[in-house]
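The values are calculated or read from the model by the stated rules, or taken from the named source; none is laboratory data. Remember, it's a predicted structure, so these values are computed and weren't measured experimentally. Cβ coordinates were reconstructed from backbone atoms using ideal geometry, including for glycine residues, and neighbour counts include every protein chain displayed. What goes into the accessible areas is simple: the full protein's heavy atoms, side chains included, and nothing from ligands, DNA or RNA. Shrake-Rupley method; radii C 1.70, N 1.55, O 1.52, S 1.80 Å.
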Amino acid sequence: MLPWYDLIYSKKEKKLVHHVLLNWSTYYQLLSAKKRKRFVLRCIRFYKSINWKSHNKQSPSKQSKIIVSSAFTQITFGLRKHTLKDFDTILLLPRSYRYIKSDLMFNGDVNLSKKRITLAWPAVDKGFQIPDDSLNLCLHEFSHCLMLENQMSLFFSFFHSQDWKNYQAVAQKKMQQMKNGQTLFLRAYGGTNQMEFFAVALEGFFEQPAEFKRFEPLLYASLVRLLNQNPLNL
């Protein structure tokens, strides 16, 4: 059964999203026609739930919104919940940025107090243009949002509690191995903390699933269960 919001989105809008995704999303290209229709609807619903901003106080282009939103839709495609509650704003900037009194340059970050996700477009673009290097800024930053909201939700979290516990148990062992220099697949940056580990794991899960499953079968299986999807069998 198609969701109720299929009735309120125009054919023109759904067609536009479909064509953008065909050109930008490798994940979308692999879906069946039926799943593509559901993906398009979820993608539209997500970007309509967000307050979009750019550096010149204007809204980013429709194409940019679709591309960014597709990453969130991709992560949550197997889940019941597919919009954010505690993050309602996405700031899309034309280049890397830094904050006052800091020399560090950023391509993206999430700010819970401001309920905002900030993304630098060049890094977003690169993440989609190179879909198989386990580096995707949108997947990375959205993973932080999911983890934070999942921890704060009292009634309807993104993940089933037991699936999350199973993932955490496997992830904790793998993080310790990474800190000891024992890693065959995941980027060492994932050993920084639980938030970064989850982000790095999701990047690898979606962009290099075959290699991930081969080198980290237990972690891969835990993510398949957690996200209720398998990139190797879309």
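Scanning the stretch 69-96 for residues that are in contact with a Ser or Thr (Cβ under 6 Å, 6 or more places away or on another chain) and outside any loop (DSSP other than H, G, I, E, B) yields SER70, LEU91, LEU92.
Taking the stretch 52-63 on its own, how many of its residues are surrounded by 14 or more Cβ atoms within 10 Å (Cβ to Cβ) and in contact with a Phe, Trp or Tyr (Cβ under 7 Å, 6 or more places away or on another chain)?
First pass over the stretch 52-63, keeping only residues surrounded by 14 or more Cβ atoms within 10 Å (Cβ to Cβ): 52-54, 60, 62-63.
Cutting the leftovers down to in contact with a Phe, Trp or Tyr (Cβ under 7 Å, 6 or more places away or on another chain) gives us 60.
So the count comes out to 1.
Consider the stretch 68-90 and keep the residues that are within 16 Å of GLU203 (Cα to Cα) and of a type in the set (A, V, I, L, M). The one that is surrounded by the fewest Cβ atoms within 10 Å (Cβ to Cβ) is ILE75.
Output the number of residues of the stretch 61-109 satisfying the condition of being more than 19 Å from the chain's Cα centre (by Cα) and not charged (D, E, K, R). Outline the logic, then answer.
Let us first name the residues in the stretch 61-109 that are more than 19 Å from the chain's Cα centre (by Cα), namely 61, 94-105.
Going one step further and asking which of them are not charged (D, E, K, R), we end up with 61, 94, 96-97, 99-100, 102, 104-105.
Total satisfying the criteria: 9.
Condition first: in contact with a strand residue (DSSP E or B) (Cβ under 8 Å, 6 or more places away or on another chain), assigned to a helix (DSSP H, G or I) and open to solvent by 10 Å² or more (accessible area, probe 1.4 Å). Now tell me which residues in the stretch 116-134 satisfy that. Result: TRP121, ALA123. Looking only at the stretch 91-115, filter to residues that are under 23 Å from LEU148 (Cα atoms) and of a type in the set (Gly, Ala, Ser); which one of those is most open to solvent (accessible area, probe 1.4 Å)? Out of the qualifying residues, it is SER113.
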